[in-house]
1. Could you give me the radius of gyration and the Dmax of the range 25-121, taking only the C-alpha atoms into account and expressing both in angstrom?
2. Could you work out the relative contact order of the range 25-121? I mean the mean sequence separation of Cα pairs under 8 Å and 6+ apart, divided by the number of residues, in percent.
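What follows draws every value from the coordinates through simple rules; no lab data is involved. Just so it is clear, the structure is predicted and the values come from calculations on it, not from any experiment.
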Amino acid sequence: MKRALVLLALMGCATGAEQSQSDFHPEYQGVQTILMDDDLVTFRVAMKGARAKDDVAAYARCAAAQYALIRGYGFARHLRTNIAESGGIWRGDAVYTISAALPLGLRNIDAEVTVRDCAAQGIPTV
């Protein structure tokens with residue numbers, strides 16, 4: 001009996017996870033790009049319907065990747081992202097460096113690959 005209850009509880013958890021994925025309908029509210037130096041850029045993003053901070057960070061990453069391509073660069077390196085939510089609106093403030101060559105560090109993104117991934121996920125870019 002206990003075993004059956006545990007299995008039912010676990011099945012309920014799986015169903016809830018599937019529903020949260022299918023119920024994810026974010027509203028991307030735009031990107032503000034601020035060039036701080038030749039290769040240092042701030043991206044301010046806003047969105048409704050984020051599930052967590054990762055959704056906001058992904059939106060900023062997509063904007064950074066597209067911006068790098070627009071400027072003729074192939075890479076970006078993530079420096080920091082601050083995220084806050086208020087009244088159902090999530091805001092992110094992310095800073096990236098952009099470069100033609102693969103920058104040093106562990107938090108690099110290949111701009112072309114990232115932009116393709118963003119399109120596949122339905123995340124808009126700049």
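1. 12.8, 40
2. Numbers: 196 pairs, mean separation 28.5, N = 97.
Relative contact order of the range 25-121: 29 percent.
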